[in-house]
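> My questions all concern the structure below.
The values are calculated or read from the model by the stated rules, or taken from the named source; none is laboratory data. Treat the numbers as computed from the prediction; the structure is a model and nothing was measured. Quick reminder, even Gly has a Cβ in these numbers, built from the backbone with ideal geometry, and neighbours come from all protein chains shown. These accessible areas exclude ligands, DNA and RNA; they are computed on the full protein's heavy atoms, side chains included. Shrake-Rupley method; radii C 1.70, N 1.55, O 1.52, S 1.80 Å.
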Amino acid sequence: MSDSTLDTLHKSLDVIKILRCNMTGFFQLVGAGFRIDGTETDSQEDREKATRAVLIAETQKLKDNFTELEQAVLSLSHPAGPFNLGNTLYVNQEVAPDRVPLYTQLVDSYKWMEKVHEYSGTAYPVLSQNSLKRTYFNASISAKRRRSLVNSYIVAPEAVNSAIMGFSNSFNDIDIQILRPLGSNAVLNIILGRTLRSVAILKGWLIEWVVIRGFNEDMTKEDGTLNLWSESKYKVFQKVTDNANAAMLHFCAPTHPELSVKSFLTWLHSYITLFTQPCKKCGLHLSNNLPPTWRDLRTLDPYHEECKP
Ligand SMILES: [Zn+2]
């Protein structure tokens with residue numbers, strides 16, 4: 001609703017208030033047995049005349065108020081009528097509409113859904129330009145491309161094991177434990193020196209989920225199984241998790257799936273110096289009470305979030 005419409009609406013409400021006030025005054029006047037106090041010498045005719053004059057003045061005032069209200073209302077635009085809420089309307093059928101404010105809530109959620117719809121409509125063309133397709137659920141994908149993507153999902157567990165172990169052994173400060181609690185897909189429990197711990201879930205060769213936690217944080221749940229989902233309680237590792245999720249998308253290469261996982265792990269390994277290496281740009285260890293939580297995806301140089309090149 002525009003500002004001018006709101007102004008008119010406020011003005012109309014004010015005019016209604018004045019009209020009501022004057023109307024009440026008028027009825028009180030008439031109801032109380034209205035008479036004009038004149039002098040003894042005034043004739044009956046003069047008194048009636050005076051009374052009539054006062055009444056005419058009062059009704060004229062009401063008439064003016066009413067005209068003013070009419071004009072204000074006329075300048076308002078017509079509302080589009082009640083929202084068509086589709087089947088959700090039936091939710092409110094059993095209760096008195098005045099008792100439960102369901103209609104307004106439904107209209108709110110309806111508007112919210114409309115907005116989501118509108119935004120997703122705008123986002124879709126932007127995102128569809130992105131060549132970074134990680135799933136095979138796209139109907140328009142060509143048969144050839146689909147095959148290559150499916151191939152990165154279907155991979156022998158032994159191949160994953162040997163490649164990951166080979167990577168793990170090439171560094172002496174990273175320890176990767178491979179678990180398969182979700183069937184054939186590997187879950188990597190990564191311990192990076194004494195700096196951080198991480199859980200990465202693979203689907204074939206595709207990294208589906210990464211979470212980074214502090215070295216002192218518990219990686220297992222109460223029942224002894226690996227805690228896959230909950231985020232770190234520390235801001236620094238929450239930031240690193242965000243960056244790891246971005247990196248996981250960046251390194252995703254459906255045509256070279258094994259390489260994408262190795263690139264990601266190499267990038268993650270650079271966090272071994274999270275608390276010891278200063279920011280490449282400002283040269284400081286801490287900025288906003290945080291160490292450099294972002295690593296360049298190519299050079300692996302450390303930067304603060306606000307110092308990113
Ligand atoms: Zn910096």
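> Leaving ligands and nucleic acids out of the surface, order Phe66, Phe237 by accessible area at 1.4 Å, largest first.
The ranking, largest first, comes out as Phe66, Phe237.
> Can you tell me the relative contact order of segment 152-307? Whole percent, Cα pairs under 8 Å, sequence separation 6 or more.
Relative contact order here is 16 percent.
> Exceeding 30 Å between C-alpha atoms, which entries from my cross-link table qualify? They are Lys233/Lys262; Lys233/Lys308; Lys111/Lys308; Lys17/Lys115.
Result: Lys111/Lys308; Lys17/Lys115 exceed 30 Å.
> Report the accessible area of Ile16, computed with a 1.4 Å probe over the heavy atoms of all protein chains in place, in Å² rounded to the nearest 10.
Ile16 has an accessible surface of roughly 60 Å² with all protein chains in place.
> Next question, about the same structure. In what order, largest first, do Asp7, Asp296 sit by accessible area if the probe radius is 1.4 Å?
Descending order: Asp7, Asp296.
> How big is the accessible area of Met165 in square angstrom, nearest 10, if you roll a 1.4 angstrom probe over the protein chains?
70 Å²
> What does the extension gain come out to for Phe27 and Thr276, with contour length at 0.36 nm per residue minus their alpha carbon separation?
Separation in residues times 0.36 nm, less the Cα-Cα distance, equals 81.1 nm.
> Follow-up question, since we're still on this one. Can you pull the one-decimal nm distance between simple spin-label points at Glu45 and Tyr90, each 7 Å off the Cα toward Cβ?
7.7 nm
> Which whole-number percentage describes the relative contact order of segment 3-74, with Cα contacts under 8 Å and a sequence gap of 6 or more?
Here the relative contact order equals 60 percent.
> Hey, can you grab everything whose amide H is under 5 Å from the amide H of Asp301? Only 5+ residues off in sequence or another chain; H modelled, so Pro and N-termini drop out.
Amide H to amide H, under 5 Å and 5 or more residues apart or across chains, Asp301 pairs with Asp296.
> When the solvent-accessible surface of protein heavy atoms is calculated with a 1.4 angstrom probe, in what order do His269, His10 fall, highest first?
From most accessible down to least: His10, His269.
> Could you work out how far apart the two model spin labels at Glu217 and Asp3 are, taking each label as a point 7 Å from the Cα in the direction of the beta carbon, and quote it in nm?
In this crude label model, Glu217 to Asp3 measures out at 4.6 nm.
> Report Rg(Cα)/(2.2 N^0.38 Å) for segment 234-309, keeping two decimals.
1.10
> Between Glu231 and Leu286, what is the label-point separation in nm under the 7 Å Cα-to-beta-carbon projection?
2.3 nm
> Can you list residues from other chains, or at least 5 along the same chain, whose modelled amide H is less than 5 Å from the amide H of Glu208?
So Glu208 has HN proximity to Ile201, Leu202, Lys203.
> Given a 1.4 Å probe and the protein chains all in place, what does the accessible area of Leu274 round to, in Å² to the nearest 10?
Looks like 0 Å² after rounding.
> Could you report segment 3-74's accessible area per residue, 1.4 Å probe, as an integer in Å²?
79 Å²
> Over segment 3-74, what percent of the accessible surface lies on carbon and sulfur atoms, probe 1.4 Å?
Summing carbon and sulfur atoms, their accessible area is 58 percent of the total for segment 3-74.
> What number comes out for accessible area per residue over segment 152-307 if the probe is 1.4 Å? Units Å², please.
So segment 152-307 comes to 49 Å² accessible per residue, rounded to a whole number.
> Rounded to the nearest 0.05, what FRET efficiency do Ile18 and His117 give with R0 = 51 Å and r taken as the Cβ-Cβ distance? Could you check?
0.75
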